[in-house]
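The block underneath contains the structure these notes are about, expressed in structure tokens.
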Amino acid sequence: MFACIYNHENLDRRSLADFAYTFSPLVEETKPDTVVIDVGGCELIFGSAYQLANEVIVRARKSRMDGGLERKVNVAIADNPDAAIHAGTRLKGITFISPGEELTCLGEFPVAILDYSLVNIEKKQAEEIFETLRLWGVHTFRDFASLPIAGVSERLGQEGLHLQRLAGGKTVRHLKLKQPSPVFSTSIELDHAIAELEPLSFIFARLLNQLCATLNAYALATNDLLVEMQLENQTSHVRKLSLPNPMQDHKVFLKLLLLDTEMHPPQAAVRAISITCDPVKPRVLQNGLFIPLAPAPDKLELTLARLAKLVGENNIGSPALIDTHRPDSFSIKRFALKTRVEKSRSRSGTGNPQSAIRNPQFVLGFRMFRPPLRAVVQVEQGLPRQISAWGKLRSVYGKVVNLAGPWRTTGDWWRVDRWARDEWDVALGSGSEIRKSGERIGKQILYRIYRELDSDAWFVEGSYD
């Protein structure tokens with residue numbers, strides 16, 4: 001037996017198919033306002049087919065909070081899904097069609113309302129057949145079903161026979177089952193609260209196995225995991241793991257989640273856990289034969305997570321410039337691998353000519369000393385003439401043979417850590433730097449030095465390569 005549920009009103013937040021799943025797992029969504037369910041075996045739960053139809057009517061009128069639609073629906077039960085569809089869409093309330101009595105209920109319906117899409121007939125062919133039937137004086141389902149089969153086949157072809165069986169309620173077919181929308185979320189409510197990480201890891205592993213199995217079934221991956229823990233003190237502990245690349249390995253997720261939980265433990269014992277992810281397409285990367293391989297995304301993410309646990313989340317990542325003139329100022333952002341697509345330029349060149357390096361051999365690199373070397377500088381007429389600086393790894397000393405500057409930079413005068421200093425680029429003579437290994441560097445080396453205006457202290461900031 002099949003039941004058709006029809007609602008002509010627009011359902012805003014819940015579809016008719018979702019409502020039908022509460023009665024049977026076998027659902028066909030014929031149209032947005034029409035669904036058919038297989039009610040075979042449902043009598044064990046709802047009783048007879050008529051009692052099932054009453055239950056559908058009553059539950060549809062309930063509020064959405066109670067699982068209803070807040071709407072009135074039509075329900076038609078028949079031994080044939082197509083007969084149930086025609087009856088449910090044309091007759092209000094509950095309609096029950098006994099096997100073999102289809103024309104008793106449908107016989108007076110006009111032929112023009114036959115749903116030809118149920119037998120896979122195109123609209124143009126159906127309209128031609130309906131026009132032919134009108135010229136013959138055939139107006140109802142009963143009239144059409146009573147025509148001789150041989151005559152219909154000779155004059156209307158196979159399409160006419162399909163429509164005749166449809167009018168007589170004698171089509172035989174299986175439901176075109178609607179697959180429920182995949183749910184990429186899993187949860188569990190514990191019988192006893194868990195306060196230790198080791199037993200909690202077994203719960204994480206179980207939930208992540210289920211979640212990754214769903215992702216693999218749909219050939220998807222995820223780069224966002226939302227973990228919500230309901231605690232014993234009636235609060236919730238929410239953590240979100242954002243991954244640089246989509247993954248679907250439950251072992252990697254488990255290790256990352258355990259590391260994150262160790263760094264951000266919940267404040268009370270855990271009573272319930274739910275894990276939700278946003279599915280995305282897995283990353284497919286084709287490497288070239290002569291391009292060095294990048295580290296595997298999962299191994300890289302695990303390594304970064306372990307380092308973050310050791311040194312802190314704010315001390316690991318990629319350096320990023322800050323919009324300020326403060327010397328040696330930068331921030332740390334999350335590290336992520338990005339695939340760059342280099343676009344070939346024409347020989348004429350359409351890019352910015354100033355950004356192109358015309359002669360790379362004249363480009364200087366700057367090697368900063370961290371921390372800068374405290375220096376003793378002899379000054380004559382406001383200009384540095386002799387420099388002596390010592391550190392654990394290197395020592396810098398010598399006479400200044402050439403210089404440029406000074407350049408004064410100041411900023412953030414309203415803050416405690418304001419800066420104000422004069423900078424010079426100086427070239428020192430022979431033996432200007434000796435490293436810890438005893439190696440003596442070059443005849444002339446170019447350094448950047450500066451003097452803090454507040455303390456009048458001198459420092460060697462770095463050297464040019």
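Values quoted throughout were computed directly from the atomic coordinates according to the rules given, and no laboratory measurement underlies them. Source: prediction; values computed, not measured. With ideal geometry, Cβ positions are generated from the backbone for all residues, glycine too; neighbour counts draw on all protein chains shown.
Sorting ILE97, ILE57, ILE188 from the fewest to the most surrounding beta carbons within 10 angstrom yields ILE188, ILE57, ILE97. Remark: the GLN210-ASP465 segment gains 86.2 nm on full extension, using 0.36 nm per residue and subtracting the alpha carbon distance. Taking only the Cα atoms of the chain, the radius of gyration and Dmax are 39.1, 121 Å. Give the residue list of trypsin sites (Lys or Arg not before Pro) in the stretch 368-401 that are DSSP loop and have at most 12 other beta-carbon atoms within 10 angstrom. When the trypsin sites (Lys or Arg not before Pro) of the stretch 368-401 are filtered for loop state and at most 12 Cβ neighbours within 10 Å, LYS392 remain. Between helix 149-167 and the chain there is an angle of about 70 degrees, using the helix long axis and the longest principal axis of the Cα atoms. Counted residue by residue at 0.36 nm each, then reduced by the alpha carbon distance between them, the extension gain from PHE290 to ARG155 reaches 41.6 nm.
If R0 equals 35 Å, the separation of the Cβ atoms of GLU131 and GLU9 corresponds to a calculated FRET efficiency of about 0.60. Simple spin-label estimate for LYS62 and THR410 gives 7.5 nm between the two label positions (7 Å along the Cα-to-Cβ direction from each Cα). With 0.36 nm allotted per residue and the present C-alpha distance subtracted, the ARG173-LEU44 stretch has 44.0 nm of extension available. Note on ASP191 and ASN402: the model spin-label points, each 7 Å out from Cα along the C-beta direction, lie 8.3 nm apart.
Taking GluC sites (Glu not before Pro) across the stretch 98-161, the ones in a DSSP loop with at most 16 further Cβ atoms lying within 10 angstrom of their Cβ are GLU101, GLU108, GLU122. If we count every other residue with Cβ under 15 angstrom of LEU207's Cβ, Lys/Arg +1 and Asp/Glu -1, where does the sum land? The answer is +1. In terms of overall dimensions, the C-alpha atoms belonging to the stretch 2-167 reach 55, 31, 23 Å along their principal axes, ordered largest to smallest. Tell me, what is the FRET efficiency for ARG370 and ARG326 to the nearest 0.05, using R0 = 22 angstrom and their Cβ-Cβ distance as r? The pair ARG370/ARG326 has a calculated efficiency of 0.90.
For the stretch 3-66, GluC sites (Glu not before Pro) meeting the loop criterion (DSSP other than H, G, I, E, B) and having at most 12 other Cβ atoms within 10 Å: GLU9. If R0 equals 25 Å, the separation of the Cβ atoms of ASP417 and LYS309 corresponds to a calculated FRET efficiency of about 0.30. On a 0 to 90 degree scale, rounded to 10, what angle separates helix 250-263 from the longest Cα axis of the chain? Rounded to the nearest ten degrees, it is 50.
Entry note, the chain: the mean residue ellipticity at 222 nm calculated from DSSP H runs of n ≥ 4, each adding -39500 (n - 2.57), is -8000 deg cm²/dmol after division by the residues and rounding to the nearest 500.
Rounded to the nearest 20, the Cβ-based charge dipole of the chain about its Cα centre (Lys and Arg +1, Asp and Glu -1) stands at 2500 debye.
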